[in-house]
1. Determine whether segment 145-165 contains at least one residue that is exposed (fewer than 15 other Cβ atoms within 10 Å of the Cβ), over 16 Å from the mean Cα position of the chain (by Cα) and within 15 Å of ligand 2 (Cβ to nearest atom).
2. Would you tally the residues in segment 74-105 being charged (D, E, K, R), within 25 Å of residue 50 (Cα to Cα) and either within 16 Å of ligand 3 (Cβ to nearest atom) or part of a loop (DSSP other than H, G, I, E, B) (or both)?
3. Going by the conditions given, is residue 64 within 16 Å of ligand 2 (Cβ to nearest atom) and closer than 30 Å to residue 165 by Cα?
4. Consider segment 1-21. How many of its residues are closer than 30 Å to residue 57 by Cβ and either within 11 Å of the chain's Cα centre (by Cα) or among the hydrophobic types (A, V, I, L, M, F, W, C) (or both)?
5. Does residue 134 count as within 14 Å of ligand 1 (Cβ to nearest atom), among the hydroxyl-bearing types (Ser, Thr, Tyr) and surrounded by 14 or more Cβ atoms within 10 Å (Cβ to Cβ)?
6. Which of the residues belonging to segment 6-35 are closer than 30 Å to residue 96 by Cα and more than 16 Å from ligand 2 (Cβ to nearest atom)?
7. In segment 55-73, what count of residues is obtained for those that are away from ligand 1 (no atom under 16 Å from the Cβ) and either assigned to a loop (DSSP other than H, G, I, E, B) or of a type in the set (A, V, I, L, M, F, W, C) (or both)?
8. In this structure, does residue 56 turn out to be crowded, with 19+ Cβ neighbours inside 10 Å, over 28 Å from residue 2 (Cα atoms) and in contact with a helix residue (DSSP H, G or I) (Cβ under 6 Å, 6 or more places away or on another chain)?
Amino acid sequence: MGKQGIAIVDMDVKKLVALLNKAFSDEWLAYYQYWIGAKVVKGPMKEAVIAELTQHAADELRHADLLALRIIQLGGTPVTEPKEWYKHSNCGYEAPADPFVKAILEQNIHGERCAIAAYKKMVELTAVKDPVTYNIVLQILQDEVEHEEDLQAELEDLEVLLKTGGRR
Ligand code: FE
Ligand code: FE
Ligand code: MG
């Protein structure tokens, strides 16, 4: 670990690592929620929704990667035990028990809203005090805002389709 890289962090580094591990756990759970959602989803607009969920899964995995690298830079260890993800997670995991497109979109929108709130807090906490972590959590926040927007746009299209189609 880089001594000067850590010395410039104007915060309690252990607490910062703990927060980053919470976000790291969220990202793995979000990754799996999207990944499995893309496999089981059923209903109208399925192809478009699968494409979006698959892209978001890849983004969440990339977020986990960014966070892991930062945790290691700070002298910490990313959570190594998957069953610990639940314990650390801010936003949890919602299994796609109902595979209907609308239910899956709603679950993931819910998850993105939680992620947006969590990263907004981290952006505020690290601004000025740790510009390197700030830059990472800001990038992730921008992606989560885009994710929510994309899912909501699909949900709106789906609702129009369901109304005009007269089903469900
Ligand atoms: Fe993410
Ligand atoms: Fe996301
Ligand atoms: Mg997208």
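Coordinate-derived values only; no laboratory data. Nothing here was measured: the structure is a model prediction, and the numbers come from that model. A quick note on method: Cβ atoms are made from the backbone with ideal geometry, for glycine too, and the neighbour counts reach across all protein chains shown.
1. There is at least one residue in segment 145-165 that is exposed (fewer than 15 other Cβ atoms within 10 Å of the Cβ), over 16 Å from the mean Cα position of the chain (by Cα) and within 15 Å of ligand 2 (Cβ to nearest atom).
2. Residues meeting the conditions: 2.
3. No; evaluated as a whole, the condition is false for this residue.
4. 5
5. No, not satisfied.
6. 18, 19, 20, 21
7. Here the count works out to 1.
8. The answer is yes for residue 56.
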